Amino acid sequence: MKYVIGIDGGGTKTLGYIGNLEGKIIASSSSGPSNYHSIGIKRTKESLGDVINFLCNSVNASIEDIQLLSLGLAGIDRPEDKKNIEEILNFIGVKSEIILKNDAVSALVGAHGKEYGVITISGTGSISYGMDSKGKLVRAGGWGHIIDDEGSGYDIGRKALGAVFKSYDNRTEKTLLTEKILKYLNLKTVDKIVGYIYSNEITKEHIAQIAPVVFEAAYEKDKTAIDILDKAVDSLVEITETVIKKLEFNGDKINLILDGGILRSVKYMQNKFKERINKEINNINISTPLFNGAIGSLLIAWNHLNIEYSLDNIKIQIKEVNSNKK
């Protein structure tokens, strides 16, 4: 029997599902991160290998029984990225046909349940992706934390740290962020933050984890925190509007999904985003994702093989297999 695997991999975890050629999900598995840009080739091999091997073992199959492997991985934007991942998969023993896309594409397909619509993501990073009925794919943002990712958790955390130092220098007014960030980092004075930030152990994820402190300060009406969040929303609206204007929806309702930890959980940013995007774009419907990016990768695989499936049945199957997930 032949199978297909759909995988979504990012900076925090890798999630995969295995399905048959009748459009049914059979098992799921998860492992560590698989963004090779941030964790390296070795750990990416381990994470992807763990998920693929577990999924094969869960259905008593070998890797040779996989007909198609579909992956949505963070940081896969250039030909050399795809070449590196293909070499990793070859090392793992994958011999099947491979579909390899940026994780925002698999997130889009999973979120909508089809290869159509727009998704804007704000988590550790940020990006907006869209696809119209002609299959035209457009993106904006998401070019990495050093030069882009505006409106992301990292962006919010970095700007909060910058605001603390500006306040410390008396370049700007006092802010609750100073006290709150020092408490969060368990530090006594502002100058000690420098040692924390530039430590070799500190990653962009650590900076992004400061974002909840900004939400707390904004809730307490701190002007600096509110300004940081408002500018983050402006950036997310900008990339979303850019994507929509490049696509051809021909007057149809534009379905937009908001995803990522920031846009899913922070009501202030959700509400501000909806308010501002509705002023810029007419005929838009904003909702939450149907499925995750791993399901999106699986749907891409089934679509590629012209395999029929039921979204309603997938919802049931996910509940069944997740209870047995690694």
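Key figures for this structure:
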item	result
Test: residue in the stretch 267-285 that is part of a loop (DSSP other than H, G, I, E, B), out of contact with any helix residue (DSSP H, G or I) (no Cβ under 9 Å at 6 or more places or on another chain) and loosely packed, with under 13 Cβ neighbours inside 10 Å	yes
Check on Lys159, part of a helix (DSSP H, G or I) and either farther than 30 Å from Lys246 by Cα or not hydroxyl-bearing (Ser, Thr, Tyr) (or both)	yes
Output for the stretch 59-79, where each listed residue is touching a residue at least 60 places away in the same chain (Cβ under 8 Å) and hydroxyl-bearing (Ser, Thr, Tyr)	Ser70
Residues (under 28 Å from Leu229 (Cα atoms) and polar (S, T, N, Q)) located in the stretch 95-132	Asn102, Ser106, Thr120, Ser122, Thr124, Ser126, Ser128
Subset of the stretch 239-258 that is more than 21 Å from Gly296 (Cβ to Cβ) and under 21 Å from the mean Cα position of the chain (by Cα) - its residue that is surrounded by the fewest Cβ atoms within 10 Å (Cβ to Cβ)	Thr242
Pairs with Cβ under 6 Å, 6+ apart, first in the stretch 154-175 and surrounded by 15 or more Cβ atoms within 10 Å (Cβ to Cβ), second charged (D, E, K, R)	Tyr154/Lys204; Asp155/Asp149; Ser167/Lys174; Thr172/Lys166; Thr175/Asp222
Neighbours by Cβ (under 6 Å, 6+ apart or cross-chain): first from the stretch 299-319, on the phi < 0 side of the Ramachandran plot and at pLDDT 95 or above; second surrounded by 12 or more Cβ atoms within 10 Å (Cβ to Cβ) and of a type in the set (Ser, Thr, Tyr)	Ile300/Ser70; Ala301/Ser70; Trp302/Tyr309
Filtered residue count, the stretch 286-326, keeping only those that are exposed (fewer than 12 other Cβ atoms within 10 Å of the Cβ) and touching a Phe, Trp or Tyr at 6+ places or on another chain (Cβ under 7 Å)	0
Residue in the stretch 225-233 that is without any contact (Cβ under 8 Å) to a residue 24 or more places away in the chain, more than 16 Å from Val164 (Cβ to Cβ), under 20 Å from the mean Cα position of the chain (by Cα) and assigned by TED's automatic domain parsing to the domain that holds Val118 present	no
Qualifying residues in the stretch 238-287 (those that are of a type in the set (Lys, Arg) and closer than 23 Å to Tyr219 by Cβ) - the one modelled with the lowest pLDDT	Arg264
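The values are calculated or read from the model by the stated rules, or taken from the named source; none is laboratory data. Predicted model, so just to flag it, every value in this text is computed and none were measured. Every residue, glycine as well, gets a Cβ built from its backbone with ideal geometry; the counts of neighbours run over all protein chains shown.
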